[in-house]
Amino acid sequence: MRSRSVLFIGGTGNISSACVRRSIERGFEVTVLSRGQTLSRPLPADVAVLKADIRDVEGTRAALGNRTFDSVVEFTIRDPTEVPRDIELFAGRTGQYLFISSASAYQKPTARLPITESTPLMNPFLEYARMKIACEEALLAAHRSTGFPVTIVRPSHTYDRTTLPFNGGWTVVDRMRRGRPVVVHGDGTSLWTLTHHDDFARAFVHVIANPLAVGDTFHITSDELLTWDQIHRLVAAAAGVEPTLVHVASDVIATVIPEWGPALLGDKSHSVIFDNTKIRRLVPGWAAGVPFSEGAREIVEWFDEDASRRTVDPGIDTAFDVLVERFT
């Protein structure tokens with residue numbers, strides 16, 4: 001029996017790097033389409049690399065040659081104007097085209113919980129979510145009209161050891177370690193779901209080259225529910241400190257730090273609980289296995305390994321001081 005082949009468009013990111021590694025472990029022949037730039041997450045040695053920029057249609061077509069794939073996984077598209085390009089490139093070249101969308105596309109505020117794949121897609125606050133929705137609509141229209149073999153997968157907040165889960169990044173941890181208060185949006189009790197990238201990948205590799213997934217939509221998330229206070233306290237515990245948390249309304253934070261507004265108002269300030277029944281029907285026995293208490297330790301250890309990773313943003317530091325002074 002021949003190995004199944006999969007092409008990743010984008011294979012060195014937070015989520016895609018774990019999916020590439022797990023695909024190799026599952027026995028897939030893995031190819032990555034890459035611009036060949038410096039990689040923060042190097043590809044495994046047994047990955048074939050095609051050097052091209054997907055935005056250059058002729059260059060990509062030349063790099064692909066006459067290759068065909070059982071599955072193509074698209075991690076890079078955020079703009080619906082790019083969808084026709086991929087349809088042109090991969091129609092007839094693959095038996096499945098997996099589009100990585102986002103759970104931020106789900107209705108905000110959510111009318112009911114838990115969120116399922118049939119929850120309406122509508123996010124008036126976050127342009128990124130609206131663009132992903134438009135991409136999904138274009139791909140599903142192509143599936144209905146021409147049979148383009150799309151599968152849509154919606155990750156929620158998925159992290160690896162290089163990514164802190166809250167706005168402000170290492171600046172927040174630095175403040176915790178200096179004994180400075182840190183700002184948490186709302187009252188700190190809204191519920192959130194954090195998924196380790198390896199847990200996502202363990203399920204995702206069973207969606208690849210799966211004919212039962214074509215024409216369908218899935219989200220893949222952890223079942224662990226955490227408040228934002230708990231998330232901050234788990235990171236603080238991993239950093240060896242007890243944090244002082246100051247709660248500030250999301251819309252007020254957005255006035256002081258405007259670049260945080262869309263993600264706060266359109267995503268993180270809303271409680272989310274996901275029903276993973278559908279992906280478990282496709283992947284029996286799968287469950288996320290990395291609790292965030294463990295993930296937080298991985299993150300802090302990674303940052304502590306190299307001082308150059310521990311970047312403090314003086315603008316965010318000052319903004320936190322302004323908010324803390326106003327609300328304490």
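Working only within the range 238-277, note down all residues that are surrounded by fewer than 20 Cβ atoms within 10 Å (Cβ to Cβ), of a type in the set (Asp, Glu) and outside any loop (DSSP other than H, G, I, E, B).
ASP251, GLU259
Would you mind telling me which numbered condition in (1) outside the structural domain of TRP260 (by TED's automatic domain parsing); (2) touching a helix residue (DSSP H, G or I) at 6+ places or on another chain (Cβ under 8 Å) ALA103 fails?
(2)
Quick check on my filter: what residues within the range 25-74 are β-branched (Val, Ile, Thr), more than 22 Å from PRO211 (Cβ to Cβ) and touching a residue at least 24 places away in the same chain (Cβ under 8 Å)?
VAL32, VAL47, ILE54, VAL57, THR60
Within the range 281-292, is even one residue under 22 Å from ASP174 (Cα atoms) and surrounded by 14 or more Cβ atoms within 10 Å (Cβ to Cβ)?
Yes, the conditions are met somewhere in the range 281-292.
Does the range 168-189 include one or more residues that are among the aliphatic types (A, V, I, L, M), in contact (Cβ under 8 Å) with a residue 24 or more places away in the chain and within 20 Å of GLY13 (Cα to Cα)?
No - not one qualifying residue is present in the range 168-189.
Hey, could you check the range 27-60 for residues that are small (Gly, Ala, Ser) and in contact with a strand residue (DSSP E or B) (Cβ under 8 Å, 6 or more places away or on another chain) and say which is nearest to SER3 (Cα to Cα)?
That would be ALA48.
Enumerate the pairs (first residue in the range 267-295 and under 15 Å from GLN230 (Cβ atoms); second residue anywhere and surrounded by fewer than 17 Cβ atoms within 10 Å (Cβ to Cβ) and of a type in the set (Gly, Ala, Ser)) with beta-carbon separation below 6 Å, excluding pairs fewer than 6 apart on the same chain, so at least 6 apart or on different chains.
none
Can you pull out the residues in the range 111-145 that are in a helix (DSSP H, G or I) and either under 20 Å from the mean Cα position of the chain (by Cα) or at pLDDT below 95 (or both)?
GLU127, TYR128, ALA129, ARG130, MET131, LYS132, ILE133, ALA134, CYS135, GLU136, GLU137, LEU139
Could you grab me the full set of residues in the range 278-306 that are in the same structural domain as HIS232 (by TED's automatic domain parsing), more than 18 Å from HIS197 (Cα to Cα) and part of a helix (DSSP H, G or I)?
ASP304
Which strands (runs of 3 or more DSSP E) sit wholly inside the range 1-56 and have at least 1 residues that are under 18 Å from the mean Cα position of the chain (by Cα)?
It comes to 5-9.
The values are calculated or read from the model by the stated rules, or taken from the named source; none is laboratory data. Fair warning: this is a prediction, and the values are worked out from it, not measured in the lab. Note that each Cβ is placed from the backbone with ideal geometry, even for glycine, and that neighbours are counted across all protein chains shown.
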